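The values are calculated or read from the model by the stated rules, or taken from the named source; none is laboratory data. This is a predicted model, so every value here is computed, not measured. In this analysis, Cβ positions are derived from the backbone assuming ideal geometry, glycine residues included, and neighbour counts consider all displayed protein chains.
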Amino acid sequence: MDFARSSERDVDAFCRQGFGTLLAKLAADVPVQLSTRVTRINYGERLGCEVVTSRGQLRARAVIVTVSTNVLASGRIAFDPDLPKRHLDAAARLKLGSYDHVALEIGGNPFALRADEIMFEKSSGPRTASLLANTAGSTLCVVDVAGGFGRDLAAKGEQEMIAFALDWLVGLYGSGFRNAVKRSRATRWNQEPTVLGAFSAAAPGGQGARRALMEPVRNRVWFAGEAVHETLWGTVGGAWESGEVAADAVVRTLTGRR
C-alpha cells in the first residue's frame, strides 16, 4: 500500500557542494542552535510549551518535532503529558530501515560510466550493493548497502564497510581501479544516536500511520519529516513539504487564520 501510494522517484537531484552547504545557505537568516540535545517537551503548560535542552530551557507557543520515528519511539525525548497511544503506535509502525553509503573518491572514471549512472549487480545472495557513479559529474562514487546485510556490515565499523565496497567492485571490474581510490568514508546511520536508521518503512497494514502522525497533539505539538508524508516518504522533498505543511498549520492555529 505504501509503495502504491508513493510518487514517482524520478526527480532526484544531487547537490555538488553537499547537503550541508545547501542547508547552511537556506538557514543563513534563521537562528539555529547546533549540538543542543532536547531531552523533554512539556506541552501541558498553560501558555504553551517548554522544551528542556542540554543548554537550558526554551519556551514557545507550539513546537514542531522532526526527529526520526525511531528516535520518537525510543523515548529519548520525554513528553509531558505522554504522547497519545495513536501517535506512539504510528511511530512504531513506521520504523526506519537500514541504508548506508560508502563514498569513494576515484579519479579517471575507471568504470566508464556516465555522470549519476546507477549500476546494480545481478546477485545470487545478500552480499551485494549498488553503485552511483560520478555523482554530479564529480569523481565521487557511492556504493550503497542496505537491508539486513547492510545493517550487519555497518555494525562492524567503517573500515569493514570500505573493505567490502572495494572487494565488491574488484569482483565486478577487476583490481585495476584500486590505485585510483583517493579518499573514502562511510555512513553508519543505525549508529547515529540522533537518527537510529535510514528512512521510514511502513509495516504491513501500517500505511495509515503516516496520516496519524500528521495530526497535532492538543494544538501544541506537530510532527514533520519524511515519515510524515504519504507520497514522498523517504525523500528530502517529502521532509521539506511536510515541514511546510506543519509550519502553515501552526501559523493558522496561533493566529486564527483560515
Inset, instruction - Mind listing whichever residues of segment 26-58 are under 17 Å from PRO193 (Cβ atoms) and not basic (Lys, Arg)? - result: LEU34, SER35, THR36, VAL38, THR39, THR53, SER54
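So that you can scan it fast, the table gives a plain yes or no per residue for (1) touching a helix residue (DSSP H, G or I) at 6+ places or on another chain (Cβ under 9 Å); (2) buried (at least 20 other Cβ atoms within 10 Å of the Cβ); (3) farther than 28 Å from ARG76 by Cα:
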residue	(1), (2), (3)
ALA103	yes, no, yes
ALA146	no, no, no
ARG151	yes, no, no
LEU172	no, no, yes
LYS182	no, no, yes
PRO204	no, no, no
Inset, instruction - Name every residue in segment 80-120 that is modelled with pLDDT under 95 and acidic (Asp, Glu), in order of residue number. - result: ASP116, GLU117
Legend entry - Count of residues meeting criterion [of a type outside the set (S, T, N, Q) and either in a helix (DSSP H, G or I) or surrounded by fewer than 17 Cβ atoms within 10 Å (Cβ to Cβ) (or both)] in segment 73-100: 16
Inset, instruction - Taking PRO81 as the residue in question, decide whether it is free of Cβ contacts under 8 Å to residues at least 40 places away in the same chain and over 30 Å from GLY208 (Cα atoms). - result: no
Legend entry - Flag for ALA154 being under 20 Å from GLU105 (Cα atoms), under 19 Å from the mean Cα position of the chain (by Cα) and without any contact (Cβ under 8 Å) to a residue 60 or more places away in the chain: yes
Inset, instruction - Might you let me know whether segment 235-246 holds any residue that is modelled with pLDDT of 95 or more and loosely packed, with under 13 Cβ neighbours inside 10 Å? - result: yes
Inset, instruction - Output the residues belonging to segment 24-56 that are out of contact with any Ser or Thr (no Cβ under 6 Å at 6 or more places or on another chain), of a type in the set (A, V, I, L, M) and surrounded by 13 or more Cβ atoms within 10 Å (Cβ to Cβ). - result: ILE41, VAL51
Inset, instruction - Kindly check whether there is at least one residue in segment 144-158 that is touching a Cys at 6+ places or on another chain (Cβ under 9 Å) and over 21 Å from PHE14 (Cα atoms). - result: no
